[in-house]
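Heads up, the thing below is written out as structure tokens.
All of the numbers you see were taken from the coordinates with simple rules; none came from a lab. None of the values given here were measured: they were computed from a predicted structure. When we count neighbours, we look across all protein chains shown, and the Cβ atoms used for this are built from the backbone with ideal geometry, even at glycine.
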Amino acid sequence: MDVILVEDLTKSFNPNWPWRTPITALAGLSFSVSRGEIYGFLGPNGAGKTTTLKILMGLMRATSGKAEILGKPAGDVETRRRIGFLPEAPYFYDYLTAEEFLSFYGHLAGIDRGALACRVTELLDLVGLSEARTRQLRKFSKGMLQRIGLAQALIHDPELIILDEPMSGLDPIGRKQIRDLILSLRDQGKTVFFSTHIIPDVEMICDRVGIVVKGKLLASGRVDELVSGNTRSVEIVCEGLVPDQLSLVAPDATRILTRGRQCLIALPVPDRLEEVLAGIRRHGGRLISVTPQKGSLEDLFLSQTGIKIEE
Amino acid sequence: MWSVIVIAFNTFRENLRDKILYNLLFFAMLLIGASVLLGELTIAEQKKVVTDSGLAAINLVGVLIAVFVGIGLVTKEIERRTVYTIMARPISRAQFLLGKYFGLIVTLLVNVLIMLAVFIVTLLMNHSPVHLSLLQAVELIFVELLLVTALALFFSTFSSSTLSAIMTLAFYVIGHLTTDLKGIAEKSKSEALKSIMTGLYYICPNLEMLNVKGQAAMGIAIPVAYQAMASAYGLLYAAMLIAAAYAVFQRRDF
């Protein structure tokens, strides 16, 4: 069963002045998220990730299309009991202490007083903020705010957790903590849907990923499926050849490195691999290894988004 | 209902932790104290001056809180994006608005009660009588505050804080001049001015109806029927404004 189902979703923002053209944030976006998976919603800034999340949470209305969460139309008030949400760069009531803050959201979720006290303690432990329980949020660092934000999203033990850029602005330790937490949520059978523009986060923890650019989904699937068949180049390691012989054997090589007797030949495309291998043998060389260089999610992302990085 | 109480309590707590309220309360105490000094300087009607200026101080500080905290009730939540996590909970937009509104109303009630207590103590220390009319005047001041808060809430659902403050204050001032507006409309020879003044007369709340400070200063009690009608008028107007605020807020994208 799909926990999130989005079909042909569009969102346009009308400008304040009638002579200006409307801004299209989503242009027919479609994707689905299955129960129990971690789905990474990857896209550059301004791709429409936050707009999609806001529509799913009922904070914004779609111009057209379908958006369903847990089988109900997005924005359904009762369904929100089963969803936890952390917005991007969240700002919370900074006059509250960590404990008061979580209690407030727990009360809003309808948790009774007795159970709530235990739940607050449990969550403060989980996000590593037990020692800051009586400290006001205005004295929290960015990483601590992100963690307390995640705790408020989990206070009512939701089955679906939606996170907007949960790792943005965090240091490596903070990012690892959030990643570990997301993985532990998946282990508990929960579904996690999060948006990000940080590719390694997606590669490390997501079961599936969707790449969104200019309000459209350009690719979706398992990370290994998306990058497989995307063989970028081949690296050959051999020995027993002198530099002059190497340039004869592989005139198309993008890179030739020699370390002692061994040398590495990088071929841009695998098409001429057989020819190069035959050349090595012909000149008396010994083949040590042939390694196809798969493209990374980053390559796929850059190719899909059309972003070119100057070398 | 529970969600409304939770949001109202949190709004009240936010107001309590906001130091500006203490400043305003201090200002009110100062004004009430000054009213005694003012009374001392007056040759005749000393007690009337003390009562009149004391009630005016309660009214002024109440309106300042209603306007300047009221305009931030919704806009601050949207600007600071705290509304995202609140609206992600199983609560409707109507519950959110009501919670914010009642949170400020409780704050105003506490403030008015503290100011009233200080005022009564001041009067007693000054050997001035405490008439029933005084309580009637304070009750109608509070109804006016309910209405002004609803005005601020309404404007803040679709405009910036500055614009909301300007519009609320403008409606407050015009609300106290509605009788004059009608007079201008009747006497004016310009059809355009007549239409504008008549329009404003019907749109703006008649806040003078809730002003019985003059009678209270003289110690004249107003008829209970008038008080009930004036209170009902103020409450109905506030309810209509909240309904209008909801109609706007319901359609808003965050």
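Report the FRET efficiency, 1/(1 + (r/R0)^6), for A:Arg35 and B:Ala232, where r is their Cβ-Cβ distance and R0 is 41 Å, rounded to 0.05.
On the way: r = 54 Å, r/R0 = 1.32.
In this case the efficiency is close to 0.15.
Can you sort B:Ser159, B:Ser128 so the residue with the fewest Cβ neighbours within 10 Å comes first?
B:Ser159, B:Ser128
Ignoring trypsin sites (Lys or Arg not before Pro) that are buried or in helix or strand per DSSP, and keeping those with at most 12 other beta carbon atoms within 10 Å, what is the longest stretch of chain A between them?
Details: sites that count: A:Arg20, A:Arg261, A:Lys308.
After excluding every exposed loop site, the longest remaining stretch is A:21-260.
Between B:Ile220 and B:Phe158, what FRET efficiency comes out of the Förster formula 1/(1 + (r/R0)^6) with R0 = 56 Å and r the beta carbon distance, rounded to 0.05?
0.85
Pick from B:Tyr172, B:Tyr101, B:Tyr84 the residue whose mean-square fluctuation is largest in a GNM of chain B, springs joining Cα atoms under 10 Å.
B:Tyr84
For chain B, report the % of Cα-Cα distances exceeding 25 Å.
Summing the P(r) tail past 25 Å for chain B gives 48 percent.
Checking understanding here: applying a Kyte-Doolittle mean of at least -0.5 and a length along the axis of at least 30 Å (C-alpha), which whole DSSP H helices in chain B pass?
B:19-41, B:46-70, B:93-125, B:132-156, B:224-250
Where in segment A:126-160 does the label zone of A:Asp187 land, with the point 7 angstrom along Cα→C-beta and an amide N cut-off under 17 Å?
A:126-128
Give me the lysines in straight-line cross-link reach of A:Lys190: C-alpha distance below 30 Å, same-chain residues under 8 apart excluded.
A:Lys11, A:Lys49, A:Lys54, A:Lys66, A:Lys72, A:Lys142, A:Lys176, A:Lys214, A:Lys216
What is the pair-distance distribution P(r) of the protein assembly as shown, computed from all Cα-Cα distances in 10 Å bins starting at 0, with each bin given as a whole percent?
3, 14, 19, 18, 15, 12, 8, 5, 3, 2, 2, 0, 0
By the gyration tensor of its Cα atoms, with a ≥ b ≥ c the square roots of the eigenvalues, what is the shape of chain A: rounded for a/c under 1.5, prolate for a/b over b/c, or oblate?
The shape class here is prolate.
What residues of segment A:118-133 lie in the reach of a label at A:Arg81, counting those whose backbone N is under 17 Å from a point 7 Å from the Cα along Cα→Cβ?
What the label zone holds, given the 17 Å backbone N cut-off, is no residue at all.
Among A:Met60, B:Met115, A:Met1, what is the fewest-to-most ranking by other Cβ atoms within 10 Å? Walk me through the numbers before you get to the answer.
On the way: A:Met60 20, B:Met115 25, A:Met1 8.
Ranked by crowding around the Cβ, least crowded first: A:Met1, A:Met60, B:Met115.
So for the pair B:Ala34, A:Lys72, with labels modelled 7 Å out along Cα→Cβ, what separation do we get in nm?
About 5.4 nm, to one decimal.
Could you compute the FRET efficiency for A:Thr10 and B:Tyr202, with r as their C-beta to C-beta distance and R0 at 45 Å, rounded to 0.05? Write down the numbers at each step before the final one.
Working: r = 42 Å, r/R0 = 0.94.
Computed FRET efficiency for A:Thr10 and B:Tyr202: 0.60.
Among A:Trp17, B:Trp2, what is the fewest-to-most ranking by other Cβ atoms within 10 Å?
Listing A:Trp17, B:Trp2 from fewest to most nearby Cβ atoms yields A:Trp17, B:Trp2.
Report, in deg cm²/dmol and to the nearest 500, the calculated mean residue ellipticity at 222 nm for chain B, where each DSSP H run with n ≥ 4 adds -39500 (n - 2.57) and the sum is divided by the residue count.
On the way: 12 runs with 207 residues, N = 254.
Calculated mean residue ellipticity at 222 nm is -27500 deg cm²/dmol.
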